[in-house]
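One structure below.
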Amino acid sequence: MNKPHEPASATNAALLRAQAFMTPSPVPSISTELLVSADGELNRELHHFLFDPPTDTELLKGKKIAICCTNGVEEVEITGAMKWLSEHGATVHVVAPRIGEFHPTLGLRFPPLTKTHVLAIRLMENAGWLKIDCYMDEAKIADYDACIFPGGCWNPDALRADKHAQKFVQDMLASGKPTCAICHGQWVMVSAGILKGKKATAVWNIHPDLANAGATVLDEPCVVDGNLITARFPYDLPRMVGALVKQLVK
């Protein structure tokens with residue numbers, strides 16, 4: 001008699017089979033299917049995080065969490081966090097800066113949709129549009145119990161220049177509320193000047209940026225220093241969210 005497949009194994013087999021029917025990516029990309037079906041401890045954790053049903057739909061009832069980002073936000077880092085947190089009872093807001101007018105000498109063009117949505121990406125591949133729930137210049141610390149700054153290289157590189165985003169992350173950390181960043185999201189924290197003397201991590205190629213900002217850099221999936229919570233890569237998302245939840249549910 002054949003041994004029955006574990007549910008996760010069956011799902012992984014289906015995901016890998018689906019890949020065989022997909023044409024090669026035209027640009028460098030992160031495949032969520034490949035990420036969650038790879039045979040690694042952190043990949044397996046991400047698989048369960050994304051696919052398992054919620055254990056307690058009222059775990060985070062009454063909690064409100066801001067995910068701060070702009071165009072170029074890494075898809076799995078924002079949608080994965082939104083899905084898990086909302087399924088466990090939290091209210092989750094996409095908080096983003098307004099797209100203003102640019103001087104014509106810069107030659108920049110933004111589609112009208114960017115006034116109300118942010119564009120998600122998969123590494124360098126355009127994904128879909130996510131609706132903005134609150135603008136950065138309107139966001140109030142008192143309205144949120146925690147915040148997350150996801151990555152995607154383009155997203156935090158633009159967001160770090162926004163004075164409202166800098167003030168928001170400064171005030172969230174000072175308030176003692178869980179203040180989280182993953183992958184490149186820590187760039188906003190670097191520009192906000194809040195990492196000096198802190199232990200933190202990030203995607204490997206920006207470790208020098210954190211060190212130059214005065215942080216003690218650790219190559220660990222998730223680093224917690226008080227209410228500062230940082231993680232390195234999409235497959236570290238479950239541990240970062242777990243650390244956030246641990247501080248919200250006591």
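The values are calculated or read from the model by the stated rules, or taken from the named source; none is laboratory data. The model shown is predicted, which means the values in this text are computed figures rather than measured ones. Neighbour counts are summed over all protein chains in view; Cβ atoms, including those assigned to glycine, are modelled from backbone coordinates with ideal geometry. Side chains included, ligands, DNA and RNA excluded: accessible areas come from the protein's heavy atoms. Shrake-Rupley method; radii C 1.70, N 1.55, O 1.52, S 1.80 Å.
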* Structure fact -> Restricted to segment 1-148, the DSSP antiparallel beta bridge percent, nearest 5, is 30
* Specify the angular offset, from 0 to 90 degrees and rounded to the nearest 10, of the alpha carbon long axis of helix 7-19 from the longest principal axis of the alpha carbons in the chain. => 80
* Once you've got the Cα coordinates, tell me which of Lys115/Lys199; Lys163/Lys198; Lys115/Lys246; Lys115/Lys198; Lys83/Lys198 are over 32 Å apart. => Lys115/Lys199; Lys115/Lys246; Lys115/Lys198
* Using alpha-carbon coordinates, inclination of helix 41-51 to the longest axis of the chain, degrees -> 90
* **Qualifying trypsin sites (Lys or Arg not before Pro) in segment 161-234, DSSP loop, other Cβ atoms within 10 Å at most 16** => Lys196
* Structure fact -> At R0 = 30 Å the Cβ-Cβ FRET efficiency linking His103 and Asp137, nearest 0.05, sits at 0.90
* Do you know the relative contact order of the chain, to the nearest whole percent, from alpha carbon pairs under 8 angstrom that are 6+ apart? -> 17
* Asked: Carbon and sulfur: what percent of the chain's accessible surface (1.4 Å probe)?
  -> 55
* Relative to the Cα centre, what is the charge dipole magnitude of the chain, using +1 at the beta carbon of each Lys and Arg, -1 at the beta carbon of each Asp and Glu, and rounding to the nearest 20 debye? -> 400
* So, by mean Cβ neighbours within 10 angstrom, what's the order for 10-21, 84-95 with the highest one leading? -> 84-95, 10-21
* segment 43-79: GluC sites (Glu not before Pro) falling in loop per DSSP and having at most 14 other Cβ within 10 Å -> Glu58
* To do: Distance between Cα centroids, segment 174-237 to segment 73-104: provide it in whole Å.
  => 19
* **Per residue accessible area of the chain, 1.4 Å probe, in Å²** => 50
* Over the Cα atoms of segment 7-67, Rg to Rh with Kirkwood Rh, two decimal places? -> 1.09
* To do: Count neighbours as other Cβ atoms within 10 Å of each site's Cβ, and list the trypsin sites (Lys or Arg not before Pro) in segment 27-91 that are DSSP loop with at most 13 such neighbours.
  => Lys61
* Only Cα pairs under 8 Å and at least 6 apart count here; give the relative contact order of segment 108-220 as a rounded whole percent. => 19
* Out of every Cα pair in the chain, what percent are spaced more than 23 Å from each other? -> 50
